[in-house]
Structure formats: structure tokens, C-alpha cells
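A.B. asks: Structure in C-alpha cells, see below.
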2 protein chains.
Amino acid sequence: MNRVLVFGAGGVGAYFGGRLAQAGMEVSVICRSDFEHVRDKGFEIESGAGNMLFRPAGVYEKCTAYPGTPDYLIVTSKVLPDFDVAAHIAPAVGPGTVIVLLQNGIDIEKDIARAFPDNEIASGIAYIGVYRLGEGRIKHQAAGRLKLGNYPGGFISPQVQYLVDKFVEARVDCEAVNDIELFRWIKLVWNTPYNPVSVLSGGVDTQVISKTPELEKICENLMREICQAAAAYGKELPDDIVERNLEYTRNFPAYKTSMLLDYENKRPMEVEAIVGNVMRLAQRKGLCLPYLETTYALLRSVNKINLETPFSLPIEVVNS
Amino acid sequence: MNRVLVFGAGGVGAYFGGRLAQAGMEVSVICRSDFEHVRDKGFEIESGAGNMLFRPAGVYEKCTAYPGTPDYLIVTSKVLPDFDVAAHIAPAVGPGTVIVLLQNGIDIEKDIARAFPDNEIASGIAYIGVYRLGEGRIKHQAAGRLKLGNYPGGFISPQVQYLVDKFVEARVDCEAVNDIELFRWIKLVWNTPYNPVSVLSGGVDTQVISKTPELEKICENLMREICQAAAAYGKELPDDIVERNLEYTRNFPAYKTSMLLDYENKRPMEVEAIVGNVMRLAQRKGLCLPYLETTYALLRSVNKINLETPFSLPIEVVNS
């Protein structure tokens with residue numbers, strides 16, 4: 001139970017992979033964009049909790065290159081409809097491999113569970129502010145907590161508990177939970193409003209949203225719709241969750257959502273994982289959620305147009 | 001009853017002003033941007049119905065320069081919160097002046113009615129495809145109908161009937177109506193969905209909207225909300241109005257809405273006249289219209305950000 005392969009080693013993958021290496025596990029990574037740099041020099045992780053140099057046991061461009069199969073295959077790539085994670089990881093998945101999905105959104109496990117019906121699937125949520133500074137350079141900005149559970153929930157397997165223990169050994173605030181789905185819903189209450197609204201409003205940070213009453217009201221209504229959808233799936237979220245999320249965001253420093261950063265950098269946004277899936281889950285229960293529907297339709301189109309349109313520069317800069 | 005002053009002589013003002021001149025009225029214009037050109041050379045209007053040179057009786061930069069007062073002051077400027085039309089036209093409004101608001105949107109008459117309580121207010125809707133090609137050059141592309149009525153409605157004054165007759169004399173399909181508000185609601189059923197959605201979806205034409213099921217669905221839901229709001233004000237719109245508007249747009253050639261053109265040219269969009277006012281009217285009747293609220297909140301923010309952000313060029317163009 002010592003071999004770990006991290007698939008999609010961006011900020012989240014590098015950080016948590018590095019932690020597991022600190023706990024003595026043999027951590028390799030699949031890493032496309034910075035492959036040569038990371039192979040030669042590893043990851044430099046800047047963190048307020050102490051800088052960390054993470055030299056993976058192996059660095060590969062593809063799972064086919066990984067020797068043997070890992071005990072844990074931790075997926076930290078984005079959830080995108082055009083990106084078939086199952087096909088990419090299949091060559092490295094052995095009979096005993098636990099597949100750990102450390103990704104955003106809801107209802108994101110089913111494709112993997114269907115593709116690997118005989119493997120244990122774990123699902124996890126990362127609460128962390130971490131991003132890529134440059135080649136092999138990662139900035140860990142804030143937090144760094146994890147919740148891990150089995151999918152579908154209802155129990156905690158020895159394999160999941162072992163991984164949680166390893167994280168804790170590496171001083172990560174990591175908790176094993178019976179019902180990871182509940183925490184996905186709770187995280188959605190923040191993600192589903194603020195991420196799309198920050199993009200669709202023309203590109204604003206969280207403070208602008210909080211200070212613009214009609215925008216904050218849209219976020220509030222989206223939160224209430226998420227709570228309705230969660231309730232339809234038997235997850236009764238606490239009564240004050242909406243007010244607490246609004247309050248938290250008002251008091252948090254101005255923050256650009258990950259979706260806005262993706263938008264500005266013309267990277268695909270996680271439209272389905274964060275907005276589309278929850279809308280479809282709600283529709284399946286007969287709910288009509290107009291704020292969510294509007295948000296989804298507009299965001300899907302904006303994402304498409306954004307990826308088709310070349311980068312641009314302000315004319316003032318061009319002429320100077 | 002022969003003196004006409006057109007305030008805000010863009011495409012709509014130049015076209016209909018020119019028509020009234022053809023019917024023998026003395027038509028002057030207030031024209032800021034192309035002032036010198038129009039003063040010296042008039043308007044050249046290209047039209048499938050026959051090209052037209054319109055030399056106004058007088059061309060002025062401001063209403064203060066207009067000699068005396070007109071019988072009809074026709075306002076064709078955009079409806080924008082920061083633009084105080086009442087203050088601009090006041091110097092030209094005499095005791096007998098009929099103020100004719102030939103503008104988009106709903107609930108746009110009240111500020112003028114309040115500012116000029118003793119003047120007759122007429123309200124009109126133009127159904128026309130017309131735009132500015134360049135200095136003093138106007139392209140009349142399609143249609144060119146008018147509906148005119150008194151504000152508030154319930155009757156047609158001799159003054160309004162006289163103006164309608166003059167338009168008809170100039171071969172404009174112009175109708176005097178008892179209840180202009182009804183026609184504003186009907187026009188809103190198209191304007192309030194397609195204008196904002198074309199912008200908020202990342203900038204798409206009407207054909208893209210019609211062919212993207214989830215975007216067309218948002219338009220459909222917005223239409224139904226407009227019908228609800230209209231009904232709350234005693235205007236029962238025909239049952240099939242939604243289906244007819246969807247169908248019409250599907251069969252109409254790809255078309256960039258005026259709001260999208262304003263957005264792309266970084267001109268202020270008529271957010272309040274076309275979206276905000278109807279939302280507030282609905283709220284005053286206790287209606288909750290989520291599609292409209294979401295659209296309004298996002299569009300208002302996009303408009304603000306768009307006007308603050310400089311023009312940009314695609315990097316490919318910059319580097320070539």
C-alpha cells in the first residue's frame with residue numbers, strides 16, 4: 001500500500017503528492033505540460049507552512065509509461081466533457097488500485113465507477129488555495145485541508161483510512177468521511193454561484209459581487225437552489241448555510257474565482273462539473289431551478305466562444 | 001402645426017425626420033456627433049425604398065440654439081440613466097409643443113411626463129432596421145413602420161392624428177393607436193430576451209441563439225415572464241406570442257441585436273429601458289421573475305465593466 005500515482009499534477013496534485021512523499025510513500029506523477037522540467041528538477045512548492053521540494057519517484061507523460069500499477073491513483077485533473085480521464089488512466093489501473101478522485105463538482109464519479117466496476121473508488125474534496133507560478137513552480141496560498149470518502153458512501157474502507165492516515169502523518173488536516181457526497185453539496189453552495197457569476201458579470205472578483213446587491217442576490221438565489229437540489233437527494237443542508245456563505249465571502253479579501261482565472265487564460269471552465277451536473281440532477285428530480293438554468297445556458301455558451309476567440313490586447317497597449 | 005425638431009438624430013431620427021420633410025413639414029435636427037457635416041451637407045439615406053437626401057431646415061448642436069419652439073419635438077435618443085433628456089430638451093419645449101418619444105423599452109415616458117406636466121406627451125414605437133454608415137450617412141435596411149399614441153393612452157389627440165397623417169402622406173406605414181403601452185409590451189417580448197442573451201452568451205447572433213437549445217429556452221422563459229408582467233398590468237398578450245416569436249427568429253437571417261452592436265462598440269446598452277424597468281414593474285406587482293432578475297443583474301454589471309475596459313485587438317492581428 002505504498003505506491004501512489006498522481007494524474008494531472010497541477011497545483012493540487014503537486015501539493016498533496018508532495019505531502020504523501022513526505023510521509024514516506026512512493027509518489028510518481030503524470031505531468032504533461034511541465035514534463036521535462038519536473039522530471040529533471042521536481043516541483044518547488046512555496047508555502048507559508050514551509051517551502052517544499054518534491055522530487056517524484058517517477059515522472060511520466062502518460063500512464064502507459066508507469067511501471068506496474070499503483071496502490072492509489074489520485075486524479076487531480078479538471079473535470080471536462082472532452083477529456084476522457086478513464087481512457088487516460090486505464091493503462092495504470094491494476095486490480096488492486098484504489099482510484100481517488102480529488103476533483104471539483106458533483107456527480108463526477110459515475111463515469112470512472114462505470115469504467116472500473118471492480119476497483120474501489122474514493123472521492124475527495126480539497127480545500128486549498130494553490131496555483132502554478134511557472135514551470136514546476138507551485139504557490140500554496142491558503143488552507144490545504146482534505147476530506148476523503150468511499151464512493152458510493154456509507155462506509156470507510158481500510159484503504160481510504162490508510163491514505164487519510166498518511167496525509168495526517170504529513171501534517172495535512174485530512175478527515176475520512178462516511179458521506180463525501182454531502183460535502184460535495186456543501187462545497188457547491190459556494191462554487192456554483194460565485195464561479196459562474198464572476199465570469200458572466202463581465203469578470204469581477206468576489207468583493208465586487210458582494211458589494212453589488214443585485215449580483216449578490218443572484219448568488220443567494222443560486223445557493224437556495226443548490227440547497228433545494230441537495231434536499232431532493234436526501235442531503236438537508238444546515239438552515240444558515242446561505243447566510244454563512246454570503247457573510248464569509250463579504251469578509252474574505254477580494255478573490256478571483258478559479259473559473260474566472262480559467263476564463264481569462266482561455267482555459268476550459270468546469271461548466272458541467274460545477275453547474276451542468278447539478279442542474280441535471282435537479283431536473284431528474286422534477287425540480288425547476290431558473291437561476292441555475294440561466295447561469296448554465298449562458299456559461300456554456302461563454303465557455304465555447306471564449307475558447308474559439310484568440311487572446312487580445314487593449315488597443316492602448318498596442319499603440320504605445 | 002408644421003414645425004418639427006428631432007432630438008438625437010441617429011438612424012431612426014434621420015429617417016423619420018426626412019420622411020416628415022418629404023411631407024412638407026419644417027424639420028430641424030439636434031445632432032451632436034456629425035454636426036458640421038450634417039449642417040453643411042444634410043443626411044444621405046440609402047434605402048431599398050429609394051435613396052433620400054434630407055437637408056434639415058436647421059441643424060443645431062443643442063436645443064438652446066433652436067429658434068422659437070417646435071410643434072413636435074421628436075426624441076429618438078437612447079434611453080440611458082445618465083442621460084437627462086428632459087434637461088436637454090427643456091430649452092426648446094414651448095407651451096404647445098407635443099413631445100414625441102420614439103424610443104425603445106417600457107415605462108420610459110414617466111420622467112418626461114413629470115418634467116413637462118402641461119405638455120402633451122406622445123409615445124411611439126419604430127419597427128425599422130436602420131443604422132449609421134458614417135458621417136451623415138444612414139443605411140435603411142428593413143421595415144420602417146411606426147405606431148404612435150398618446151401617453152397615457154386611452155385616446156388619440158388631434159395633434160397625434162395630424163402627425164400620423166403626415167407620416168402616411170410620406171408613405172410611412174404609420175398607425176395611431178389608443179394603447180401604445182400594449183405595443184411596448186409586445187415589442188418587449190422579443191427585445192428583452194434576445195438583446196441581453198446575445199450579449200451575455202459571449203456575443204452571438206440570433207441564429208446561434210435559436211440553434212442552441214438551452215439559450216433559446218432561456219429566451220422562451222424570459223418571454224413568458226414578460227407576458228406575466230404584462231398581464232399584471234392588464235395587458236393580456238395573445239397565447240401564441242411566445243411560440244410565434246421563437247419561430248420568427250428561427251426563420252429570420254442571422255442578426256446581431258442592437259444591444260450586441262452597442263456592446264461591441266463599447267457604447268452604453270439600454271439595460272434599464274429594455275430589462276431593468278420591466279423587472280421593477282413586475283416587482284411592484286409582487287411578481288418574482290428569476291430569469292429576468294438574473295439577466296438584469298449580469299447585464300448591468302457587464303455594461304459597467306464593458307464601458308470601463310478599453311478596446312482590444314486579437315493578439316494575432318497585433319503580431320502580424
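The values are calculated or read from the model by the stated rules, or taken from the named source; none is laboratory data. All values reported here derive from a predicted model rather than from experimental measurement. Don't worry about glycine lacking a Cβ; one is built from the backbone with ideal geometry, like all the others, and counts go over all protein chains shown. Areas reflect the complete protein model, heavy atoms only, side chains present, ligands, DNA and RNA absent. Shrake-Rupley method; radii C 1.70, N 1.55, O 1.52, S 1.80 Å.
A.B. asks: Work out the mean other chain Cβ neighbour count within 10 Å for the residues of B:212-221 and drop it here as an integer.
C.D. replies: Working: counts 4, 1, 10, 5, 1, 3, 8, 1, 0, 5.
Taking the mean over all residues of the peptide, I get 4.
A.B. asks: Can you list the aspartates and glutamates whose alpha carbon is less than 18 Å from that of B:LYS266, not counting same-chain residues fewer than 8 positions off?
C.D. replies: Straight-line reach from B:LYS266, under 18 Å: A:GLU316, B:ASP82, B:ASP205, B:GLU308.
A.B. asks: Another question, then. Of all alpha-carbon pairs in chain B, indicate the percentage at a distance above 27 angstrom.
C.D. replies: Values: 22922 of 51040 pairs.
Here the long-distance tail beyond 27 Å is 45 percent of all Cα pairs in chain B.
A.B. asks: Determine, for each peptide in A:291-300, A:42-51, the mean count of other beta carbons within 10 angstrom over its residues, then list the peptides with the highest first. It would help to have the intermediate numbers written out before the result.
C.D. replies: Working: A:291-300: 25.7, A:42-51: 15.8.
Highest-to-lowest ranking by the protection proxy: A:291-300, A:42-51.
A.B. asks: Which of the peptides A:172-179, A:98-105 is most tightly packed, and how do the rest follow, judged by the mean count of other Cβ atoms within 10 Å per residue?
C.D. replies: On the way: A:172-179: 17.4, A:98-105: 23.9.
Descending packing order for the listed peptides: A:98-105, A:172-179.
A.B. asks: Mind listing the label-point distances from B:THR69 to the same position on all other copies, shortest first, one decimal in nm, points 7 Å along Cα→Cβ?
C.D. replies: For B:THR69, the other copies' label points sit at 9.0 nm, shortest first.
A.B. asks: Using the beta-carbon distance between A:LYS62 and A:GLU169 and R0 = 30 Å, what value does 1/(1 + (r/R0)^6) give for FRET efficiency, to the nearest 0.05? If you can, show how the numbers build up before the last one.
C.D. replies: Numbers: r = 30 Å, r/R0 = 1.00.
After rounding to 0.05, the efficiency reads 0.50.
A.B. asks: Still on this structure, I have one more. Enumerate the whole-percent occupancy of each 10 Å bin, from 0 to the last occupied one, for all C-alpha pair distances of the stretch B:3-178.
C.D. replies: Histogramming the stretch B:3-178 at 10 Å steps yields 10, 42, 38, 9, 0 percent.
A.B. asks: Let me ask something additional. Output the antiparallel fraction of DSSP beta bridges having both residues in the protein assembly as shown, as a percent to the nearest 5.
C.D. replies: Of all bridge pairs located within the protein assembly as shown, approximately 40 percent are antiparallel.
A.B. asks: Ok, one more. Given the C-alpha centroids of the stretch A:79-132 and the stretch B:275-303, what is the distance between them in whole angstrom?
C.D. replies: 40 Å
A.B. asks: For A:ALA231, which inter-copy label distances result when the label point lies 7 Å beyond Cα on the Cα-to-Cβ vector, reported in nm to one decimal and in ascending order?
C.D. replies: 2.5
A.B. asks: Still on this model: I want the local charge near B:ILE99. Using Cβ-Cβ distances under 10 Å, sum +1 for each Lys or Arg and -1 for each Asp or Glu among the other residues.
C.D. replies: Neighbour charge sum, excluding B:ILE99 itself: -2.
A.B. asks: Considering every residue in A:303-312, what mean count of other chain Cβ atoms within 10 Å of its Cβ is obtained? Don't jump to the answer; show the numbers that get you there.
C.D. replies: Working: counts 1, 5, 5, 1, 1, 1, 3, 6, 5, 8.
Rounded to a whole number, the mean comes out at 4.
A.B. asks: Roughly speaking, what % of Cα-Cα pairs in the protein assembly as shown are separated by over 46 Å, rounded to a whole number?
C.D. replies: Considering the protein assembly as shown, 31 percent of its Cα-Cα pairs are separated by more than 46 Å.
A.B. asks: Defining a contact as two alpha carbons under 8 Å apart and six or more residues distant in sequence, what relative contact order in percent does chain B show?
C.D. replies: 15 percent
A.B. asks: Quick one: which of A:70-82, B:52-64 comes out on top by average Cβ neighbours within 10 Å, and what's the full order, highest first?
C.D. replies: Numbers: A:70-82: 20.3, B:52-64: 16.8.
Per-residue Cβ counts within 10 Å, averaged per peptide and sorted highest first, yield A:70-82, B:52-64.
A.B. asks: Please tell me the relative contact order of the stretch A:3-178 in percent, rounded to the nearest whole number, where contacts are Cα pairs under 8 Å and at least six residues apart. Let's see the in-between values first.
C.D. replies: On the way: 370 pairs, mean separation 39.1, N = 176.
Normalised by residue count, the contact order of the stretch A:3-178 is 22 percent.
A.B. asks: Something else now. Compute and list, largest first, the equivalent-ellipsoid semi-axes of the stretch B:185-264 from the alpha carbon gyration tensor, each √(5λ) rounded to a whole angstrom. Please report the intermediate quantities before stating the final value.
C.D. replies: On the way: eigenvalues 94, 35, 21 Å².
Taking √(5λ) for each Cα gyration eigenvalue gives 22, 13, 10 Å.
A.B. asks: Shifting gears a bit: If a helix is a whole DSSP H run, which ones in chain A reach 18 Å or further along their own axis (Cα) and hold a mean Kyte-Doolittle hydropathy of at least 1.6?
C.D. replies: Working: long enough: A:180-200 (29 Å, 0.43); A:213-232 (29 Å, -0.02); A:290-308 (27 Å, -0.16).
Passing helices, by number: none.
A.B. asks: While we're looking at this one, here's another question. Between the stretch A:1-42 and the stretch B:170-240, how many Å separate their Cα centres?
C.D. replies: Measuring centre to centre over Cα atoms gives 54 Å.
A.B. asks: Right, here's the next one. Quick one: Karplus J couplings for the stretch A:97-107, per residue in order, coefficients 6.51, -1.76, 1.60, θ = phi - 60°, nearest Hz, x for Gly and Pro?
C.D. replies: Each residue's phi maps through the Karplus curve to give 6, 8, 9, 10, 9, 9, 9, 7, x, 9, 6 Hz.
A.B. asks: For the stretch A:234-290, run through the GluC sites (Glu not before Pro) and keep only the ones in DSSP coil with at most 12 other Cβ atoms within 10 Å of their Cβ.
C.D. replies: Those satisfying the criteria are A:GLU236.
A.B. asks: Follow-up question, since we're still on this one. Given the DSSP H assignment, sum -39500 (n - 2.57) over each helix run of at least 4 residues in chain A and divide by its residue total; what's the result at 222 nm in deg cm²/dmol, nearest 500? It would help to have the intermediate numbers written out before the result.
C.D. replies: Details: 13 runs with 139 residues, N = 320.
Mean residue ellipticity, 222 nm, calculated: -13000 deg cm²/dmol.
A.B. asks: Shifting gears a bit: What relative contact order, as a whole-number percentage, does the stretch B:94-191 give when Cα pairs under 8 Å and 6 or more residues apart are counted? Intermediate results must be reported in sequence, preceding the final value.
C.D. replies: Working: 153 pairs, mean separation 24.2, N = 98.
The value is 25 percent.
A.B. asks: Would you mind getting me the FRET efficiency between A:CYS288 and A:GLN161? Use the beta-carbon distance for r and R0 = 35 Å, nearest 0.05.
C.D. replies: Values: r = 41 Å, r/R0 = 1.17.
Result of the calculation: an efficiency of 0.30.
A.B. asks: Probe radius 1.4 Å, ligands and nucleic acids ignored: give me the carbon and sulfur share of the accessible area of the protein assembly as shown as a rounded percent. Provide the component values of the computation, followed by the final result.
C.D. replies: Numbers: 13850 of 27390 Å².
The computed percentage sits at 51.
A.B. asks: Turning to a different aspect of this structure: Hey, what's the stretch B:9-160 come to in accessible area per residue, 1.4 Å probe, Å²?
C.D. replies: Value for the stretch B:9-160: 43 Å² per residue.
A.B. asks: List the residues whose amide H sits under 5 Å from the amide H of B:SER157, counting only those 5 or more places along or on another chain, with H placed 1.01 Å from N in the peptide plane.
C.D. replies: B:ASN150
A.B. asks: Can you tell me the dipole magnitude for the stretch B:99-180 around its Cα centre, using point charges on the Cβ only (Lys, Arg +1; Asp, Glu -1), in Debye to the nearest 20? Walk me through the numbers on the way to the answer.
C.D. replies: On the way: 9 positive and 11 negative charges, 84 e Å.
Approximately 400 debye in magnitude.
A.B. asks: What does the structure give for B:287-299 when I average, per residue, the other chain Cβ atoms found within 10 Å of the residue Cβ?
C.D. replies: Values: counts 0, 2, 1, 10, 5, 2, 7, 15, 3, 2, 14, 12, 4.
For this peptide, the per-residue mean of nearby foreign Cβ atoms is 6.
A.B. asks: Only four residue types carry charge here, +1 at the Cβ of Lys and Arg and -1 at the Cβ of Asp and Glu. Report the dipole size of chain A about the Cα centre in Debye, rounded to the nearest 20.
C.D. replies: Numbers: 33 positive and 39 negative charges, 45 e Å.
For chain A, the charge dipole is close to 220 debye.
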